[in-house]
Structures are given as C-alpha cells and as structure tokens.
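Shown next, in structure tokens, is the structure this report addresses.
The values are calculated or read from the model by the stated rules, or taken from the named source; none is laboratory data. Worth saying up front: this structure is predicted, and the values here are computed from it rather than measured. Neighbour counts are summed over all protein chains in view; Cβ atoms, including those assigned to glycine, are modelled from backbone coordinates with ideal geometry.
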Amino acid sequence: MKWVVVGLAALLGAIAIAIAVAFCHVKSQITYGLDFGSLIDAFALLLIGFFLEFAYLKRSSEKRADTDLLLGIVDDAKSAFRMLTEKAQPYSKGATLNELQKAELLSAEREFSNAVHSIEQALKHCGVDLHRLSFDKLKDARAALKDDLTDTPFPGPYDAASIAQITRSLKATRDELTRMAFAINRR
C-alpha cells in the first residue's frame, strides 16, 4: 500500500512539473485543440492508471489469500486444542489416568504442539513479524499447558489445586488462539 501512495505522489508530481513547464513555454495566446501529443499523453496517463490499479488489486488479492491460509492453519490448531481438551477431561473428576488415557493425552498434546509450530512456520513463510503479533504469548501458553497437564500429579489423582491450574491453562491457551486469529486477520 505504501508503494502505491508513493507511486501516485510521484505521478502527480510529474504531472505538476509538466504543467509548469508547459505554462512557461506558452505564448501569449492559448489555443485549444486536439493533437497527436495530447492523445499520447492521455493514453500514457490511462495506461499508468490501469497499471497502478492492477498492481494494487494483485497485492491486495495475494495478502487476502495469505490471510485466509493462515487463518485455516489457526483453525487446525483450534481443532487440535479441542481434541487435547477432550482427552484431558478425566483430570476434572480427580481420577488417575489409565495407560490408554495417558497415551491419548500425550498424543493430543504433541499434536497441538505441532499445530502451534505449524502456525509459526506459516507466519515466517508469509514474512509476518512474529513479535508484532506477540506470537511468544501463544508459545508460552502452550508450554504452561503442557507443564500443567504432564507434570506432577500426572497421571493423577488430581487435587482441587491441580484441576484449577489445568483449567486456567486451558482457558489461557484458548484465549491466545483466539487472539492470534484476530491478530492475523488485522495484519
């Protein structure tokens, strides 16, 4: 967008200079008419206008496509997060996880972690400044959630304090995923 504004400013500056030069060389009498030079000037102006519009629309279209793809990757991460939340449900009853539940929880946590990594790689590929989007907040929330799910008292039994901490971590991670989707959409 910045280069479009600069291009338009340069074009308007060139037109102003051309008009000033033309008025300096005008004789005492101004005549109106249509000549070959005027037609070439008008055609060149139209051509430049069409080129600027094409370039702007192309850039806008590419950015929208990147945004849609990035939002799709965030949706994949949200889906992985929902699966992790589902697999983590036995903790809320204070129970001890059996071997199958432990394996499913660890697998879901790994899948979510991979999804967050995919967001990071996609943002880097699109040239997005990760610090501007505060991507580290999402990574920190993911790490805190992993710690809360897999550190003591894993695999259980879970006491009230552990359940409350896991619940806070799940909420914080969900909020960060939502914030990331908005940040990507507004970039």
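Key figures
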{"read-out": "Residues (surrounded by 15 or more Cβ atoms within 10 Å (Cβ to Cβ) and within 24 Å of residue 72 (Cβ to Cβ)) located in the stretch 147-186", "value": "170, 172, 173, 174, 176, 177, 179, 180, 181, 183, 184"}
{"read-out": "Of all residues in the stretch 154-183 being among the hydroxyl-bearing types (Ser, Thr, Tyr) and assigned to a helix (DSSP H, G or I), the one that is modelled with the lowest pLDDT", "value": "162"}
{"read-out": "Which numbered condition residue 89 misses (of (1) closer than 22 Å to residue 178 by Cβ; (2) surrounded by 15 or more Cβ atoms within 10 Å (Cβ to Cβ); (3) polar (S, T, N, Q))", "value": "(2)"}
{"read-out": "Test: residue 151 is modelled with pLDDT under 95, farther than 30 Å from residue 62 by Cβ and charged (D, E, K, R)", "value": "yes"}
{"read-out": "Checking residue 127 against (1) in a helix (DSSP H, G or I); (2) closer than 30 Å to residue 62 by Cβ; (3) at pLDDT below 95, the condition it does not meet", "value": "(1)"}
{"read-out": "One residue from 142, 110, 82, 132 being under 19 Å from the mean Cα position of the chain (by Cα) and either assigned to a helix (DSSP H, G or I) or small (Gly, Ala, Ser) (or both)", "value": "142"}
{"read-out": "Failed item, numbered, when residue 97 is tested on (1) in contact with a Pro (Cβ under 9 Å, 6 or more places away or on another chain); (2) crowded, with 18+ Cβ neighbours inside 10 Å; (3) part of a helix (DSSP H, G or I)", "value": "(3)"}
{"read-out": "Residue in the stretch 101-116 that is surrounded by 20 or more Cβ atoms within 10 Å (Cβ to Cβ) and of a type in the set (Lys, Arg) present", "value": "no"}
{"read-out": "Only one of 58, 2 that is at pLDDT 80 or above, among the basic types (Lys, Arg) and within 30 Å of residue 187 (Cβ to Cβ)", "value": "58"}
{"read-out": "Conditions (1) more than 14 Å from residue 81 (Cα to Cα); (2) of a type in the set (S, T, N, Q); (3) in contact (Cβ under 8 Å) with a residue 24 or more places away in the chain; number of the one not met by residue 169", "value": "(1)"}
{"read-out": "Residue selected from the stretch 131-146 under the condition at pLDDT 95 or above, touching a Leu at 6+ places or on another chain (Cβ under 8 Å) and more than 17 Å from residue 162 (Cβ to Cβ), by the criterion surrounded by the fewest Cβ atoms within 10 Å (Cβ to Cβ)", "value": "136"}
{"read-out": "Any pair with Cβ under 6 angstrom, 6 or more apart, that starts in the stretch 98-125 at a residue that is more than 19 Å from residue 173 (Cβ to Cβ) and ends at one that is part of a helix (DSSP H, G or I)", "value": "101/90"}
